1. Within the range 8-37, count every residue that is under 16 Å from Leu51 (Cβ atoms) and outside any helix (DSSP H, G or I).
2. Taking only pairs six or more apart or across chains, which ones have beta-carbon atoms under 9 Å, a first residue in the range 33-44 that is at positive phi, and a second residue that is assigned to a helix (DSSP H, G or I) and loosely packed, with under 15 Cβ neighbours inside 10 Å?
3. Could you list, in sequence order, the residues of the range 61-80 that are of a type in the set (A, V, I, L, M) and either under 21 Å from Lys10 (Cβ atoms) or assigned to a helix (DSSP H, G or I) (or both)?
4. Counting only residues that are modelled with pLDDT under 90 and either part of a loop (DSSP other than H, G, I, E, B) or outside the structural domain of Asn112 (by TED's automatic domain parsing) (or both), how many does the range 142-152 have?
5. Report yes if Leu58 is under 23 Å from Ala160 (Cα atoms) and crowded, with 18+ Cβ neighbours inside 10 Å, otherwise no.
6. Quick one: which of Asp104, Asp125 is more than 26 Å from Thr54 (Cβ to Cβ) and either hydroxyl-bearing (Ser, Thr, Tyr) or out of contact with any Lys or Arg (no Cβ under 8 Å at 6 or more places or on another chain) (or both)?
7. Has the range 104-122 got at least one residue that is surrounded by 12 or more Cβ atoms within 10 Å (Cβ to Cβ), at pLDDT 80 or above, among the acidic types (Asp, Glu) and not assigned by TED's automatic domain parsing to the domain that holds Gly56?
Amino acid sequence: MGVIFAKTAKGQEEVATKSGGLTPRQRRVLIMVDGKRTVDELRDMLQADDLQHTLGMLEEEGHIAMASIREEATGQLQPPPPEGLPPITAFRPEPDPPNVKDMDMARNFMQNTLKTFCGPFAHLDIVERAFAAKTHYELRLQFDPWFHAIVQTREGKRRAEELRGMLLKVI
């Protein structure tokens, strides 16, 4: 099964006007989304290790939406299910009250992976903001900077999706 995304009106406007404040990489991914290519085809074309994360961000901000699903066996296009698929980068619902154990696990994971992949003193600002976070929402604001720091390293690029998945389980 291959998910196919298409630009929304907001996405088309962003391509035309550059008004949404997207990074060059995010904008390039948005331009390549055409309603015909599957996520795997985009991954082959773009060589982006953080493609899934970027597509999820574009989807959550309303620049793209799922257009159809291509069956691998037959190649036929199917409409997306009425309830849709879960968003690609969807954080789990925020617990109320905040789950201190999960937040501590997320903080330690972010700190340890940054230390391992980027060096012991790299990106201390991300670690400091993560440890200062009092809610899951505040901690989730550090997800993007953390992920981009990880994919800037060679080994981090190779393990980016695995690490991202592990952090999303607790954040």
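The values are calculated or read from the model by the stated rules, or taken from the named source; none is laboratory data. Please read all numbers here as calculations on a predicted model, not as lab measurements. Here the Cβ positions follow ideal geometry from the backbone for every residue, glycine too, while neighbour counts run over all protein chains shown.
1. 5
2. Listed pairs, sorted by first residue: none to list.
3. Within the range 61-80, Ile64, Ala65, Met66, Ala67 qualify.
4. Total satisfying the criteria: 1.
5. For Leu58, the condition - under 23 Å from Ala160 (Cα atoms) and crowded, with 18+ Cβ neighbours inside 10 Å - is met.
6. Asp104
7. yes
Residues checked against (1) under 19 Å from Gln78 (Cβ atoms); (2) of a type in the set (Lys, Arg); (3) more than 15 Å from the chain's Cα centre (by Cα):
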{"residue": "Arg25", "(1), (2), (3)": "no, yes, no"}
{"residue": "Glu41", "(1), (2), (3)": "yes, no, yes"}
{"residue": "Leu51", "(1), (2), (3)": "no, no, no"}
{"residue": "Ala67", "(1), (2), (3)": "yes, no, yes"}
